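Chemist: The structure that follows is given in the form of structure tokens.
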Amino acid sequence: MFSNMCASRQPMLRSIFLFFVLFFISFNFIIQLPLLINSRHVLKAHQVQPIGRRFIPLIPFLKQVSWAGYATCLNSSGPLTDVAIMGPYQKAQYALAPTILDYFHPFDYHYLVYQCPGRMAPSQFQGKLSSYVIVKTFRGVTLLSRKKEPS
Amino acid sequence: MIGFIAFLISWLMGYYVLRCFKKRDASFELMDIFLIPGLGLGISAQIIFYVLLFWGSLAPVLIIQIHLLILCLLFLYNHRYLPKQSSSFSLSSRSIGVLIAILAVVALMATMLALLRPWGDWDGWSFWNYRAHFLFRAGHQWPRLFEFNMQQQHPWMLPLIILWGWCICGSEERIIPVAIGIIFTVASVGLLIGALKKYVSFFWAAIGGIFLASIPLFMFQGTSQYADIVAAYFILLSSVLVVDLLRSPSFNNAALTGLCLGLTASVKDNSIVAVCILLALSILRLYRSKASMFIKPLILGCVTIGVSVVLMKSFETLNVLNDPYGVSLTGIGDWHKWLLMGRFSLTSLTSFSWGGLWPLALAVLIVQRTRWIREEMGVLVQFLIFYIILYFFIFAASTLGLEWLLKVSFDRSLFLLAPVVIFTMFYSVGSKE
């Protein structure tokens, strides 16, 4: 009975459906309009900053390095889902590829990439690693190296 | 701009491959135009994967040579053995004008949104482009990509398509991932219009395409350089081909559907789930309708591409040293999780970003419910329902924080279904019983 009723009312249902679709289309375009108007200010090629710009000075030192540790001064109970930690880490991964940065065991490698937005001196790491600073950038990134190969 | 030669070569390859699957007397339809880019780029990704696997490193010259060789062979085969085919769009010049206008507006909107974010969104650069970037730079050390896993693993179609563009350019051109996002966004709208045109009038097909393009999440996600838009395109393609196969089963239709299902599985883990459901449903329906002889070519086509997906997944599993992700079946019994998922999905699906899609789809599903049971299109409704239910179970079983997981993946998991939902809705309303 329901299907017969629907079949006989198909043209009306179509009109109602069309009304709602057209309403949603108009509404959707209107709410997207500000974004599209703003997109007039699209970035030009020279304005696009490379991903992980702050890690780029480290590239020459890690060219033939397969693995390096990665440490940050930020702490979190869930680092995998913490944007403040994963953001710079993944930017570093991208910029320094194909060198793989180990976040979980940073002190197991000859090299350590240390990132700290507050530009804190990584003296505690230097002591722990018995390492020296290879390069330190003004953006808070330090590349440390062990004095001896890890046994 | 030289990178576009890569897309052109792939499209030509897609065109000739599609011609091989067409019956001798069959002509090209509107949908086929939008099937060609996906088919061609998918085959290019397969070629690059096997070069990486057997050659041991990315060899751009070899990849270009293989592409040109395959293209020449396909060209010779098509012109030697296949009759000349004509197009049967059955569209008036006015309709063609409307179609071109719709696609031009979509392309313009997609380009504007894509250029606002030249690096794409988070996973765009940190996962998909990172993979292409790593494979491009690592030489013979490329398998090390999987040694340290901080994100979920997925098959590699999108990074391989990006690599194909970079192989032609010779460098990591930013425009390639941006262009891929735009191409698949426009192709998805075109494919939806073309697929709907087979069953409903051009008016309803065009309205369906415009509705998809108007959804804010669709345009935004399409240009974010994620694999979601590629997966959405391929899931729509596979769904439409499955319906076509059930309506008019033939050996060629079955093999092409299988091939496209295989390509769909090589995009994302979500699309592997979608392919498993679609394949199971279509085999069941073919078996019931006494057309079981077409199951073999369907599976054969799927396996042809599926081999590479199995290799990709096993490669990741064997090489990965740590996996921070896990599942716990005890989570499924936690009703707090289901309550949270219910609340979240209600808020999310009725938000502005979905543009009214889900309330409308639910209304059509209820009103037209008798049609789903009787017609071939019912396979799509079953697919949509199974996929959504399965994903709720996956969310419940995940060991990651549910709130965070829903926030980052809920919309994206359903985004892949948006074109299929619109296709099903407009078919149901626009077609005659």
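Chemist: Is one or more of the residues making up the range B:319-336 at pLDDT 85 or above and either closer than 30 Å to B:D244 by Cα or surrounded by fewer than 19 Cβ atoms within 10 Å (Cβ to Cβ) (or both)?
Modeler: Pass one, the range B:319-336, residues at pLDDT 85 or above: B:335-336.
Remaining after also requiring either closer than 30 Å to B:D244 by Cα or surrounded by fewer than 19 Cβ atoms within 10 Å (Cβ to Cβ) (or both): B:335-336.
Yes, that holds for at least one residue.
Chemist: Determine whether the range B:365-375 contains at least one residue that is surrounded by fewer than 17 Cβ atoms within 10 Å (Cβ to Cβ) and not in a helix (DSSP H, G or I).
Modeler: no
Chemist: When you check A:S76 against the structure, is it at pLDDT below 80, surrounded by 12 or more Cβ atoms within 10 Å (Cβ to Cβ) and facing chain B (nearest Cβ under 7 Å), yes or no? Steps first, please.
Modeler: Details: at pLDDT below 80: yes; surrounded by 12 or more Cβ atoms within 10 Å (Cβ to Cβ): yes; facing chain B (nearest Cβ under 7 Å): no.
The answer is no for A:S76.
Chemist: Right, another one. Quick check on this structure: which one of B:W142, B:W166, B:W119 is within 24 Å of B:L39 (Cα to Cα) and either in contact (Cβ under 8 Å) with a residue 40 or more places away in the chain or among the acidic types (D, E) (or both)?
Modeler: One residue alone meets the criteria, B:W166.
Chemist: Okay, moving on. All but one of (1) in contact with a Pro (Cβ under 8 Å, 6 or more places away or on another chain); (2) surrounded by 19 or more Cβ atoms within 10 Å (Cβ to Cβ); (3) within 8 Å of another protein chain (Cβ to nearest Cβ) hold for B:Y130; which doesn't?
Modeler: Checking B:Y130 against (1) in contact with a Pro (Cβ under 8 Å, 6 or more places away or on another chain); (2) surrounded by 19 or more Cβ atoms within 10 Å (Cβ to Cβ); (3) within 8 Å of another protein chain (Cβ to nearest Cβ), the one that fails is (1).
Chemist: Could you tell me how many of the residues in the range B:1-10 are in a helix (DSSP H, G or I) and surrounded by fewer than 19 Cβ atoms within 10 Å (Cβ to Cβ)?
Modeler: Result for the range B:1-10: 3.
Chemist: Taking the range B:361-381, which residues are under 21 Å from the mean Cα position of the chain (by Cα) and either at positive phi or free of Cβ contacts under 8 Å to residues at least 12 places away in the same chain (or both)?
Modeler: Correct list: B:G378 only.
Chemist: I need the full set of residues from the range B:165-210 which are under 19 Å from B:V98 (Cβ atoms), assigned to a helix (DSSP H, G or I) and among the aromatic types (F, W, Y), in order please.
Modeler: Matches in the range B:165-210: B:F202, B:F203, B:W204.
Chemist: So, one more: Can you tell me which residue is surrounded by the fewest Cβ atoms within 10 Å (Cβ to Cβ) among those in the range B:77-116 that are part of a loop (DSSP other than H, G, I, E, B) and either among the polar types (S, T, N, Q) or at the interface with chain A (Cβ under 9 Å from one of its Cβ atoms) (or both)?
Modeler: B:S86
Chemist: Given the criteria modelled with pLDDT of 85 or more and either over 23 Å from the mean Cα position of the chain (by Cα) or within 14 Å of chain A (Cβ to nearest Cβ) (or both), does B:L384 qualify?
Modeler: No; evaluated as a whole, the condition is false for this residue.
Chemist: Condition first: of a type in the set (S, T, N, Q) and more than 8 Å from chain B (Cβ to nearest Cβ). Now tell me which residues in the range A:79-108 satisfy that.
Modeler: A:T99
Chemist: OK, next. So A:S39 ticks every box in (1) assigned to a helix (DSSP H, G or I); (2) modelled with pLDDT under 85; (3) exposed (fewer than 15 other Cβ atoms within 10 Å of the Cβ) but one. Which box is left unticked?
Modeler: (3)
Chemist: A further question on this structure: Among the candidates B:S90, B:S27, B:S44, B:S95, single out the residue that is over 29 Å from B:I175 (Cβ atoms) and in contact with a Leu (Cβ under 9 Å, 6 or more places away or on another chain). Outline the logic, then answer.
Modeler: Details: B:S27 fails: in contact with a Leu (Cβ under 9 Å, 6 or more places away or on another chain); B:S44 fails: over 29 Å from B:I175 (Cβ atoms); B:S95 fails: in contact with a Leu (Cβ under 9 Å, 6 or more places away or on another chain).
When all the criteria are applied, what remains is B:S90.
Residues are listed down the side, and each one gets a yes or a no for (1) aliphatic (A, V, I, L, M); (2) crowded, with 22+ Cβ neighbours inside 10 Å; (3) away from every other protein chain (no Cβ under 13 Å):
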{"position": "B:P159", "(1), (2), (3)": "no, yes, no"}
{"position": "B:L163", "(1), (2), (3)": "yes, yes, yes"}
{"position": "B:R174", "(1), (2), (3)": "no, no, no"}
{"position": "B:G194", "(1), (2), (3)": "no, yes, yes"}
{"position": "B:G208", "(1), (2), (3)": "no, yes, no"}
{"position": "B:I229", "(1), (2), (3)": "yes, yes, yes"}
{"position": "B:L245", "(1), (2), (3)": "yes, yes, yes"}
{"position": "B:N253", "(1), (2), (3)": "no, yes, yes"}
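Chemist: Could you tell me which of the residues B:F234, B:F218, B:F315 is over 30 Å from B:E147 (Cα atoms), in contact (Cβ under 8 Å) with a residue 12 or more places away in the chain and aromatic (F, W, Y)?
Modeler: B:F218
Chemist: Kindly list the number of the only condition in (1) closer than 30 Å to B:L405 by Cα; (2) in contact with a Ser or Thr (Cβ under 8 Å, 6 or more places away or on another chain); (3) modelled with pLDDT under 85 that fails for A:P122.
Modeler: (1)
Chemist: While we're on this one: Check B:F28, B:F49 and return the single one that is in contact (Cβ under 8 Å) with a residue 40 or more places away in the chain and touching a strand residue (DSSP E or B) at 6+ places or on another chain (Cβ under 6 Å).
Modeler: Residue meeting the stated conditions: B:F28.
Chemist: Scan the range B:140-152 and tell me whether some residue there is away from chain A (no Cβ under 14 Å), under 15 Å from B:F49 (Cβ atoms) and either part of a helix (DSSP H, G or I) or within 19 Å of the chain's Cα centre (by Cα) (or both).
Modeler: no
Chemist: What residue, of B:W358, B:W404, is surrounded by fewer than 17 Cβ atoms within 10 Å (Cβ to Cβ), part of a helix (DSSP H, G or I) and on the phi < 0 side of the Ramachandran plot?
Modeler: None of the other options fit; the residue is B:W404.
Chemist: Residues B:S238, B:S224: which one is modelled with pLDDT of 95 or more and of a type in the set (S, T, Y)?
Modeler: Among B:S238, B:S224, only B:S238 is modelled with pLDDT of 95 or more and of a type in the set (S, T, Y).
Chemist: Quick one: how many residues across the range A:61-73 are surrounded by fewer than 16 Cβ atoms within 10 Å (Cβ to Cβ) and within 11 Å of chain B (Cβ to nearest Cβ)?
Modeler: Selection size over the range A:61-73: 3.
The values are calculated or read from the model by the stated rules, or taken from the named source; none is laboratory data. Everything numeric here is computed off the predicted structure, so don't read it as measured data. Quick reminder, even Gly has a Cβ in these numbers, built from the backbone with ideal geometry, and neighbours come from all protein chains shown.
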